[in-house]
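Asks: Here's a structure for you.
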Amino acid sequence: MRQAAEAKAIVEPTAAQVRKHRQAQLRQGAQKKQEPPAVLLVGLDGGWIKSREQKGGMEGKVGVIVNEIEPLGKQGRRRMTSRRYVATFEPASVLGTLSYAATCELGAEEARRQVVVGDGAEWIKTEADLHYPQAVKLLDWPHLWRKIHAAIRAGHPGQSKKAREWRKGQYEQLSPRLWHGQVDAALAHLRALRPGGDGEPIDTLEEAITYVDNQREWIGNYQQWQEAGNPVGSAMPRAWCRRGDQSPHETTRHAKDSGKCDRRCGLTSTPPQCCMGANFYQTSGCGLAPDLWWNRPL
């Protein structure tokens, strides 16, 4: 009987021990609440898929919420060690609510540094302003450059040596201006490419001018953002959902056109894929691992 009582005392803690343990847990919880995560990264994106119910297809919206990252290797690669994924085919407001709920689940709603990356869609802007008003908003660099790339090609199409050299010169002038957030200078350059006299307007060029002008609040100094450790491309959600609505040859065309591969987006698959096209997460054949992004220097 005495041995049984001693064994029970060892296995079952006393009331005082339980209270002491609970108080220690409460103190640890209070301490954690006083120290919010250092960073919150939110990537929002959408992709259209075919649907029998809707003739034009339906948009699936996805989000990736990250509050812990760690360096991986010696080439600027990083791993998202603490993250949540959300997705829905419902209206954008539902994804916004799910994203914020996932943020709260991670305890990152009061993170000191908050960043939202998106492609400039109005629904992304609306949800970002509503749920992350204090965050820095970044326009997805590959999406921005795809607009510029298409405009330049439309301005001087063809594969002649003269056309390729002209396009390369335009890329070399526009890329650093946009990369450093010089929106007005980039817009002035694009407007100067309009046909003079009675020439027909170039629709793709006009679309790019309107896009850059409308997105100026989300366009900043990508160089500084990247040096601060922020992703400047929305590969986080895109890699996860494996979107397949882009041409697999778009990246190759750019690499041939510009004469070099420019990985300024900060998010890419393994080299030597070029991420200036919108499908950089897809061209490697297997896509980007959902817990990795690439943050390479220029």
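The values are calculated or read from the model by the stated rules, or taken from the named source; none is laboratory data. Bear in mind the structure is a predicted one, so any value in this text is a computation, not a measurement. No Cβ is skipped: glycine too gets one built from the backbone with ideal geometry, and neighbour counts run over all protein chains shown.
Asks: Return the residues of the range 191-208 that are surrounded by 11 or more Cβ atoms within 10 Å (Cβ to Cβ) and in contact (Cβ under 8 Å) with a residue 40 or more places away in the chain; say none if nothing qualifies.
Replies: Start the filter on the range 191-208 by keeping residues that are surrounded by 11 or more Cβ atoms within 10 Å (Cβ to Cβ), which leaves 191, 193-195, 202, 204-208.
The answer is Leu193, Ile202, Thr204, Leu205, Glu207, Ala208.
Asks: Quick check on the range 59-95: of everything there that is modelled with pLDDT under 90 and of a type in the set (A, V, I, L, M), which residue is farthest from the chain's Cα centre (by Cα)?
Replies: Ranking the qualifying residues of the range 59-95, first place goes to Leu72.
Asks: Output the residues belonging to the range 79-97 that are over 17 Å from Pro36 (Cβ atoms) and either surrounded by fewer than 21 Cβ atoms within 10 Å (Cβ to Cβ) or in contact (Cβ under 8 Å) with a residue 60 or more places away in the chain (or both).
Replies: If we filter the range 79-97 for residues that are over 17 Å from Pro36 (Cβ atoms), which is where we start, we get 79-80, 85-97.
Selection gives Arg79, Met80, Tyr85, Ala87, Thr88, Phe89, Glu90, Pro91, Ala92, Ser93, Val94, Thr97.
Asks: Determine the pairs where a residue that is without any contact (Cβ under 8 Å) to a residue 40 or more places away in the chain and more than 14 Å from Lys147 (Cα to Cα), located within the range 166-180, has a partner that is among the hydrophobic types (A, V, I, L, M, F, W, C) and assigned to a helix (DSSP H, G or I) with Cβ atoms under 8 Å apart, the partner being 6 or more residues away or on another chain.
Replies: Arg177/Ala185; Arg177/Ala186
Asks: Which one of the conditions (1) under 28 Å from Gly60 (Cα atoms); (2) modelled with pLDDT of 90 or more; (3) of a type outside the set (A, V, I, L, M, F, W, C); (4) outside any helix (DSSP H, G or I) does Asp213 fail to meet, given that it meets all the rest?
Replies: Failed condition: (4).
Asks: When you scan the range 1-57, how many residues do you find that are touching a helix residue (DSSP H, G or I) at 6+ places or on another chain (Cβ under 8 Å) and at pLDDT below 65?
Replies: 1
Asks: Please enumerate the residues belonging to the range 153-192 that are within 19 Å of Trp218 (Cβ to Cβ) and hydrophobic (A, V, I, L, M, F, W, C).
Replies: Leu174, Leu178, Trp179, Val183, Ala185, Ala186, Leu187, Leu190
Asks: Something else now. Is it the case that the range 101-108 has a residue that's more than 15 Å from the chain's Cα centre (by Cα), in a helix (DSSP H, G or I), of a type in the set (Gly, Ala, Ser) and modelled with pLDDT under 95?
Replies: yes
Asks: Can you tell me which residue is surrounded by the fewest Cβ atoms within 10 Å (Cβ to Cβ) among those in the range 50-78 that are of a type in the set (A, V, I, L, M) and either outside any strand (DSSP E or B) or in contact (Cβ under 8 Å) with a residue 40 or more places away in the chain (or both)?
Replies: Of the residues in the range 50-78, the ones of a type in the set (A, V, I, L, M) are 58, 62, 64-66, 69, 72.
If we keep only those that are either outside any strand (DSSP E or B) or in contact (Cβ under 8 Å) with a residue 40 or more places away in the chain (or both) as well, we get 62, 64-66, 69, 72.
Details: Val62: 23, Val64: 29, Ile65: 26, Val66: 26, Ile69: 20, Leu72: 15.
Of everything passing the filter in the range 50-78, Leu72 is surrounded by the fewest Cβ atoms within 10 Å (Cβ to Cβ).
Asks: Quick one: count up the residues across the range 184-220 that are over 20 Å from Arg153 (Cα atoms) and in contact with a helix residue (DSSP H, G or I) (Cβ under 8 Å, 6 or more places away or on another chain). First the steps, then the outcome.
Replies: The first filter runs over the range 184-220 and keeps only residues over 20 Å from Arg153 (Cα atoms), leaving 184, 197-198, 214-220.
Of the ones still in play, those that are also in contact with a helix residue (DSSP H, G or I) (Cβ under 8 Å, 6 or more places away or on another chain) are 215-216, 218-219.
Number of matching residues: 4.
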